[in-house]
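Here the structure is laid out as structure tokens; the discussion comes afterwards.
The values are calculated or read from the model by the stated rules, or taken from the named source; none is laboratory data. The model shown is predicted, which means the values in this text are computed figures rather than measured ones. No Cβ is skipped: glycine too gets one built from the backbone with ideal geometry, and neighbour counts run over all protein chains shown.
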Amino acid sequence: MTPKEFKRLLANNWGKLLVVPVVTAASIYYFAGSKPKEYTSYTTIFTGINTSYKIAGDNNATSKVGTDVIFGNFYGIINSQEMKEDVALNLLAAHLMLEKSDAAVLSEINYKHLQEVVPDPLRKKLIGNSVEETLANVTSYFKSNNKNEIYHLINSDDPVYSLAALSNVSAKQKGSSEIMTLAYSSNDPAVCQNTLELYNRLFISKYKSLTSTQSESVVGYFDTATQNAHQRLQQAEQKLFAFQKAHNIIDYDQQASATSSERTAGSGRYNDLQMQYAGAVSNLRTAEQNLKNRGVSNLQAQEVLRLRNKLSDITGDITNLEMAGNNAARIASLRQQAADVSADIKETIEKYYNNTHSAQGIPIQTMLDEFVRSTVLAEQLKSQLSTLEQQNASAAGEISKLVPLGAEMRRIKREVEIADQDYRAQVEGLKQSKLTNENLELSSSQLKVLDPPIFPTAVDTTLILVIAGFLGSLILMIGGVLAFNLLDQSLTTPTITAKKTGFPIAGVLPALSGKKKTQLLTNKAEDHLVRQVLLEYNKKQVSQTPFLIGVLSAHSGEGKSLVCSTMSDKLNTLGIKTAVLYPDSHAQKVSSFDYASLYSPIHGMAQNITIADLLGNSALDYDLVFIEFPALLEKNYPVSLLKQLNFIIVTIKSGRLWQKADKAVFKNIQAITKSPIEVVLNGVISDYVEDFIGFQQSNTNVDEDNIEVLPAIEEKPRKKIAELNAE
């Protein structure tokens, strides 16, 4: 659709386009003017979800999912029934304390409404000495049962105190920030402001209470679990201590290992000492034998024996002290005593030898030294063997005692280890829960009101609504008209008609009206049609007289008579003798026209019928003859005349549909005749007529008040033509 066509469409339907928008705007003005004023207030809360510092954990920004979850919790608290009930009860308690209306708290209308919904006896029963006491009374009365006045008020559709009214409180995140915006609309500006103030206070309080309750329960759990784990650990450690004390165990593993090592080392050392002692005894016997061979035979004398026993005792004490590893002074003293006893033994033996031998005897000093040395060594080794035997026996006894205690010791240690692990885990959980608790407290402490709600003023949106309603309905109507036009399949324009019917357009006739402009346009359209007819007339190849033009239509009332009478009138005026044959059913309508004749369509159906048979001998006197056929889909028509026609005009009423029956009947016509068939579209909108004939009123310089009607289109014939067109 071109802009020109769109403009023309709007101009042709301007009445329809304006009716609905005007009615819509008037309705909006009426209903909006009678509607109570509405006030809206806003408040913003800073949540600190991402920027709040955490004692433990990652201090980076919270993820998108985490942020959505937290804001979801915020919305859940704000929209919860408990929250709405608390706000409603707080509002009611504050308003009950009013002795008269106060515009900053409650408007005059709502104050009177409060007196109606809360009767004076009930009001006196609920009011306390303070707002807090009144709130406690109202809450207690509300929760007492579900049949009292306050319960019904809260659960009604009351515009101030009901849960339904508070459902209008909307909460949303401001963009991707940490700020949450609350909005509320009410018919009372004071109620609007006070409601949002209550929401701010109660929301922050409830959120802190919920988070602290959750964290405190977790901390309490871990605290109790830690105490129980500590008690179990103490019991296990006490059991281990009692076991070690009862069996003289300091470190079982170390003691067992040391005892085993000591026994192993003692056994090896004992074997070595036995070998050394055997060698020492052998050397001592050799020394004794050598002395006997030298004449010292009585080595077993009492004095020598006593000294040897004494030396043996001293040597044993030295060995014990050395193995004990302490008392160095005592060891040094005993060594000196051992040396003295050894010297005494040597002196005794020398004295004995001197008394029994002469000075010329062989010296035995070296033998005596060897004897004394062997004696001392043998006694030392003997003492060490005795001590090692005692130590080995002690180690064997210790091992015998420790071995059966190992399994019990390991079991008790496992109990201690398990208790210790449990205790450590509970301590870590307690630490983390306390840190989380601190984090939650820090996070909830970040909730702050940035913009307190203001006392709103009413904005009259009636004019805006009226304009919006008018424009919206106008756009909808334009769209509807445009859509209807695009979907319309009726024959309204020459272009559509040619496309639907498949026939070229010979001419168009505008819809008749009393306007002088339309009369001038009609004249021009008729002249155009006359020229098209004359073009066809001049195309004839033979000197056939007259030139026969058939005027057909599928239905009656489509303008056949109008075309016939108009064309014959115009052509006769131009000096072209033209006659019209009307069906005899038009007898009453055409009697006043000299160039009009009647014929019987039934008679015209006969074979080999000619125009002379219908018009008489005067047929040859005419140049053109228009033959109007009856409606093809309604009456019988002279089929035999179709073959004689030189040109066929099909009249179609503008605005009707081209149906299958129309296509079929004209397809049959085309099968009978080879004459050209063209369409005259009748009753066309003036704009389409102008487009088709190329009429430009601005270039005509015609004064519409002084239009001269052509002689052939006088008023009387035109009225007659209108009657014919009505068939």
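Out of all the residues in segment 158-177, is one or more surrounded by fewer than 21 Cβ atoms within 10 Å (Cβ to Cβ) and in a helix (DSSP H, G or I)?
Restricting attention to segment 158-177, the residues satisfying the condition of being surrounded by fewer than 21 Cβ atoms within 10 Å (Cβ to Cβ) are 158-159, 162-164, 167-177.
Those still in the list that are in a helix (DSSP H, G or I) too: 163-164.
Yes, there is a match, as at least one residue in segment 158-177 is surrounded by fewer than 21 Cβ atoms within 10 Å (Cβ to Cβ) and in a helix (DSSP H, G or I).
Any residue that is in contact with a helix residue (DSSP H, G or I) (Cβ under 6 Å, 6 or more places away or on another chain) and either surrounded by 23 or more Cβ atoms within 10 Å (Cβ to Cβ) or not assigned by TED's automatic domain parsing to the domain that holds Leu571 (or both) - is there at least one of those in segment 627-640?
Yes, segment 627-640 contains a residue that is in contact with a helix residue (DSSP H, G or I) (Cβ under 6 Å, 6 or more places away or on another chain) and either surrounded by 23 or more Cβ atoms within 10 Å (Cβ to Cβ) or not assigned by TED's automatic domain parsing to the domain that holds Leu571 (or both).
If the Cβ limit is 8 Å and pairs must be 6+ apart or interchain, which residue in segment 183-194 that is under 8 Å from Asn110 (Cβ atoms) pairs with which residue that is in a strand (DSSP E or B) and of a type outside the set (Asp, Glu)?
So the pair list comes out as Asn187/Tyr39; Asp188/Tyr39; Asp188/Leu106; Val191/Leu106.
Yes/no matrix, rows are residues, columns are (1) at pLDDT 90 or above; (2) in contact with an Asp or Glu (Cβ under 9 Å, 6 or more places away or on another chain); (3) under 28 Å from Pro510 (Cβ atoms); (4) assigned to a strand (DSSP E or B):
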residue	(1), (2), (3), (4)
Gln588	no, no, yes, no
Gln607	no, no, no, no
Tyr637	no, no, yes, no
Val650	yes, yes, yes, yes
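Looking for whichever is within 30 Å of Glu417 (Cβ to Cβ) and either among the aliphatic types (A, V, I, L, M) or in a helix (DSSP H, G or I) (or both) here; the options are Leu182, Leu153, Leu233. Which one fits? Quick ask: steps written out before the conclusion?
Details: Leu182 fails: within 30 Å of Glu417 (Cβ to Cβ); Leu153 fails: within 30 Å of Glu417 (Cβ to Cβ).
Of the residues listed, the single one that is within 30 Å of Glu417 (Cβ to Cβ) and either among the aliphatic types (A, V, I, L, M) or in a helix (DSSP H, G or I) (or both) is Leu233.
For Leu163, state whether it is over 25 Å from Thr67 (Cα atoms) and of a type outside the set (Val, Ile, Thr).
Numbers: over 25 Å from Thr67 (Cα atoms): yes; of a type outside the set (Val, Ile, Thr): yes.
Answer is yes for this residue.
Applying the selection to segment 491-513, what residues are surrounded by fewer than 14 Cβ atoms within 10 Å (Cβ to Cβ), hydroxyl-bearing (Ser, Thr, Tyr) and assigned to a helix (DSSP H, G or I)?
Thr495 - this is the single residue of segment 491-513 that is surrounded by fewer than 14 Cβ atoms within 10 Å (Cβ to Cβ), hydroxyl-bearing (Ser, Thr, Tyr) and assigned to a helix (DSSP H, G or I).
Say we look at segment 518-577 and pick out the residues that are farther than 30 Å from Asn636 by Cβ and small (Gly, Ala, Ser); which of these is surrounded by the fewest Cβ atoms within 10 Å (Cβ to Cβ)?
Ser543
Which members of segment 2-49 meet the condition of being in contact with a helix residue (DSSP H, G or I) (Cβ under 7 Å, 6 or more places away or on another chain) and at pLDDT below 70?
Selection gives Arg8, Leu9, Ala32, Gly33.
Determine which member of the set Ile362, Ile399 is hydrophobic (A, V, I, L, M, F, W, C), more than 30 Å from Thr43 (Cα to Cα), surrounded by 12 or more Cβ atoms within 10 Å (Cβ to Cβ) and at pLDDT below 65.
On the way: Ile362 fails: surrounded by 12 or more Cβ atoms within 10 Å (Cβ to Cβ).
When all the criteria are applied, what remains is Ile399.
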